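Working notes, beginning with the structure itself.
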Amino acid sequence: MSWIDKGVLILAVVLLVVGTLGKGLDTRDQGGMTADVPRVGPFTNQTEVPVWESGDFWAYRVGISYQDTGTRADLELEGLHVEVTAVNGAAYTLAFNGDVAGSVLIAGIVEGTLQDTVMEGTMVVRAEDLAVEEVTHMHIEGSIKRQLVTNGFRADLSLRQNVTPAVAPYDFPIAVGETWSVPRMTLWLYLHAQVDLAVPYTVTYDFPVYLEEHVLTCPGLEALATSVGTYGDAYRITGAGSRYDLWYSPTARNSIAVDYEGVRMWYNESLYWDLHTLEAVLLDTSYPPVNQPPAPPTRPIPANNSVNVSLRPQLQWTGSDPDGDPLTYDLFLGPDFSPPLAAENLTSPLYEPALLDADTTYYWRVVARDDHGHAASGPLWSFRTAAGDNRPPETPVRPSGPASGTVNTAYTYTSSCVDPDGDAVLYRFDWGDGSTGDWLGPLASGATVNASHSWSAVGAYVIRVQARDEHGLVSDWSEPLPVSMPKSLVGVTARCGVPLL
């Protein structure tokens, strides 16, 4: 086999692997792992083999790289489209196509970027386990733009499993905690290719290749974001040795992402091809994820059934969405068991009502809404206001502590204030660098609070403190304490030339 023969063959095989993306061709060498690994449990979640229909489709964005002596390929497919074109009960016929871009080097001779290169083909997938029985046809055609000349090329390939029944890398039902073995897979490869050099160069091969036995496992379910949306039911399938991660979603009825490194296909005991990396993620499909409603709001402040609450409370809660969708909130508040709407379309989980009546029980609840029209209501909460008008804490004294220092070194600052009602007090510090600390406390009225902070950049800053009583009323910010961080030990060098840090 000449170097140019090998280069053309490698490029064709690389694209063939891309064409079968997500349909179960696992081409990694696992160093002699045996095929008698049993199914290992316990299985906490599992999914059955999907049922496809004519017209079902999946589109992927794919990146792939290969490098060997004299041969290199760095390719991208922005839209590898795979579609079910026929269903005969026992098998599916799938058509795939996509535009290929990137750069190639063949046999150290033909080097350039792909132009107007397209790939299309058909394959047969067994319905009972999604095993690829045969790539009946695959055609690649385009041109390689070199420094001074452009060379056209074209290739036709076919591939079939040379064992009966065909080996299926998936082991349906896929179950969390399951480990299974994929036996050695023998495939018969046919290739006819031509590169339009000064004298057209033609390559024809018809021979078997094989994929080593390997062990796979499903460690768990994950939520995976794609261009279509977030799939919360992605079964991660992984293997030992080289990096191998594949995410299968029952909702998508197919793989939604792939991350391979070290894919290996053997020709004989000494000749093989290593595909360095293959990364793919779903772009579009006829089976988009089902958007989930928000979680019901939780963790109310003031806590449910609180008493002696300020007449000017700051109502807070926690909201979340399983799909990461942005949320808005409607808040209902009033002295009746069925409170009226008090505010709507709040963009943060915070609401400050007008002055409330003293010694009164108030009921409130929050409805979270995502941008897909789904909503979830939290439970009905209540609190009782104080008998008299609660007053906020006094303004804290100006912070006390070092007025200068060195970056990336923590310094401690103190402050205090008195609450006119004797309530316990919490404090937070504004450090002047865009960060505000968490509320510290509660501490007794008049007690001193301590907080530490370090600055990451040389500069001048101001520190302020704010107080909040146990009923939610907050004070004004304290007078600022100017501080400067003029020193940095990074790069300081002793006279002898040895760095101090």
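Take the residues in region 284-334 that are part of a loop (DSSP other than H, G, I, E, B) and of a type in the set (A, V, I, L, M, F, W, C), then tell me which one is nearest to the chain's Cα centre (by Cα). Working first, answer last.
Initial filter on region 284-334 (part of a loop (DSSP other than H, G, I, E, B)): 286-297, 302-305, 310-314, 319-327.
Those still in the list that are of a type in the set (A, V, I, L, M, F, W, C) too: 290, 295, 303, 311, 327.
Numbers: VAL290: 17, ALA295: 20, ALA303: 34, LEU311: 44, LEU327: 20 Å.
Looking at the filtered set, the residue picked out is VAL290.
Among the listed residues VAL167, VAL199, VAL163, identify the single one that is among the β-branched types (Val, Ile, Thr), farther than 30 Å from GLU83 by Cβ and either assigned to a loop (DSSP other than H, G, I, E, B) or modelled with pLDDT under 85 (or both).
On the way: VAL167 fails: farther than 30 Å from GLU83 by Cβ; VAL163 fails: farther than 30 Å from GLU83 by Cβ.
Of the residues listed, the single one that is among the β-branched types (Val, Ile, Thr), farther than 30 Å from GLU83 by Cβ and either assigned to a loop (DSSP other than H, G, I, E, B) or modelled with pLDDT under 85 (or both) is VAL199.
Given the options ASP56, ASP68, name the one that is surrounded by fewer than 17 Cβ atoms within 10 Å (Cβ to Cβ), in the same structural domain as LYS145 (by TED's automatic domain parsing) and either acidic (Asp, Glu) or under 30 Å from the mean Cα position of the chain (by Cα) (or both).
Details: ASP56 fails: surrounded by fewer than 17 Cβ atoms within 10 Å (Cβ to Cβ).
Only one candidate qualifies: ASP68.
Looking for whichever is over 30 Å from GLU222 (Cα atoms) and touching a Phe, Trp or Tyr at 6+ places or on another chain (Cβ under 9 Å) here; the options are GLN147, GLN161, GLN115. Which one fits? Walk me through how you get there before you give the answer.
On the way: GLN147 fails: touching a Phe, Trp or Tyr at 6+ places or on another chain (Cβ under 9 Å); GLN115 fails: touching a Phe, Trp or Tyr at 6+ places or on another chain (Cβ under 9 Å).
The conditions single out GLN161.
When residues of region 335-374 are filtered for being buried (at least 16 other Cβ atoms within 10 Å of the Cβ) and either over 38 Å from the mean Cα position of the chain (by Cα) or more than 28 Å from GLN292 (Cβ to Cβ) (or both), how many remain?
Number satisfying all stated conditions: 5.
Filtering region 446-471 down to residues that are buried (at least 21 other Cβ atoms within 10 Å of the Cβ) and farther than 20 Å from GLY434 by Cα, which residue is modelled with the lowest pLDDT?
Restricting to residues being buried (at least 21 other Cβ atoms within 10 Å of the Cβ) and farther than 20 Å from GLY434 by Cα, the top hit is HIS471.
Of the residues in region 170-196, how many are among the acidic types (Asp, Glu) and either under 36 Å from the mean Cα position of the chain (by Cα) or assigned to a strand (DSSP E or B) (or both)? Reasoning before the result, please.
Step one: of region 170-196, the residues among the acidic types (Asp, Glu) are 171, 178, 196.
The next check asks that each one be either under 36 Å from the mean Cα position of the chain (by Cα) or assigned to a strand (DSSP E or B) (or both); those that pass are 171, 178.
Residues flagged as among the acidic types (Asp, Glu) and either under 36 Å from the mean Cα position of the chain (by Cα) or assigned to a strand (DSSP E or B) (or both) within region 170-196 amount to 2.
Those residues that are surrounded by fewer than 17 Cβ atoms within 10 Å (Cβ to Cβ) and of a type outside the set (D, E, K, R), I need them from region 396-417; list them, please. Even if it seems obvious, please write down each step before you answer.
Let us first name the residues in region 396-417 that are surrounded by fewer than 17 Cβ atoms within 10 Å (Cβ to Cβ), namely 397-398, 400, 402-404, 406-410, 412, 414.
Answer for region 396-417, where residues must be surrounded by fewer than 17 Cβ atoms within 10 Å (Cβ to Cβ) and of a type outside the set (D, E, K, R): VAL397, SER400, PRO402, ALA403, SER404, THR406, VAL407, ASN408, THR409, ALA410, THR412, THR414.
Given the structure, is GLN115 in a strand (DSSP E or B) and out of contact with any Lys or Arg (no Cβ under 8 Å at 6 or more places or on another chain)? So that I can check it myself, show each step before the final result.
Details: in a strand (DSSP E or B): yes; out of contact with any Lys or Arg (no Cβ under 8 Å at 6 or more places or on another chain): no.
So GLN115 does not fit the description; no.
Return yes when SER310 is modelled with pLDDT under 90, outside the structural domain of TRP180 (by TED's automatic domain parsing) and hydroxyl-bearing (Ser, Thr, Tyr) and no when it is not. Break it down into steps so the answer makes sense when it comes.
Values: modelled with pLDDT under 90: yes; outside the structural domain of TRP180 (by TED's automatic domain parsing): yes; hydroxyl-bearing (Ser, Thr, Tyr): yes.
Yes, satisfied.
Can you tell me how many residues in region 237-260 are more than 19 Å from VAL62 (Cβ to Cβ), surrounded by fewer than 18 Cβ atoms within 10 Å (Cβ to Cβ) and either among the basic types (Lys, Arg) or without any contact (Cβ under 8 Å) to a residue 60 or more places away in the chain (or both)?
1
Within region 94-106, is there a residue that is farther than 26 Å from LEU283 by Cβ, in a loop (DSSP other than H, G, I, E, B) and in the same structural domain as ASN254 (by TED's automatic domain parsing)? Talk me through it step by step, then tell me what you get.
First pass over region 94-106, keeping only residues farther than 26 Å from LEU283 by Cβ: 105-106.
After this cut, where a residue has to be in a loop (DSSP other than H, G, I, E, B) as well, the list is none.
Looking for residues that are farther than 26 Å from LEU283 by Cβ, in a loop (DSSP other than H, G, I, E, B) and in the same structural domain as ASN254 (by TED's automatic domain parsing), one finds none in region 94-106, hence no.
Restricted to region 125-157, and to residues that are within 31 Å of the chain's Cα centre (by Cα) and surrounded by 14 or more Cβ atoms within 10 Å (Cβ to Cβ), which residue is nearest to TRP52 (Cα to Cα)?
First, pick out the residues of region 125-157 that are within 31 Å of the chain's Cα centre (by Cα): 125-132.
Those left that are additionally surrounded by 14 or more Cβ atoms within 10 Å (Cβ to Cβ): 125-127, 129-132.
Values: VAL125: 11, ARG126: 11, ALA127: 8, ASP129: 12, LEU130: 10, ALA131: 14, VAL132: 14 Å.
For region 125-157, the residue satisfying everything is ALA127.
Just to be sure before I move on: is TYR363 modelled with pLDDT of 95 or more, under 29 Å from TYR329 (Cβ atoms) and part of a strand (DSSP E or B) in the structure I sent? I'd like the intermediate steps shown before the answer.
Details: modelled with pLDDT of 95 or more: yes; under 29 Å from TYR329 (Cβ atoms): yes; part of a strand (DSSP E or B): yes.
Here the answer is yes, as TYR363 does meet what is asked.
The values are calculated or read from the model by the stated rules, or taken from the named source; none is laboratory data. Model, not experiment: these values are computed from the prediction. Note that each Cβ is placed from the backbone with ideal geometry, even for glycine, and that neighbours are counted across all protein chains shown.
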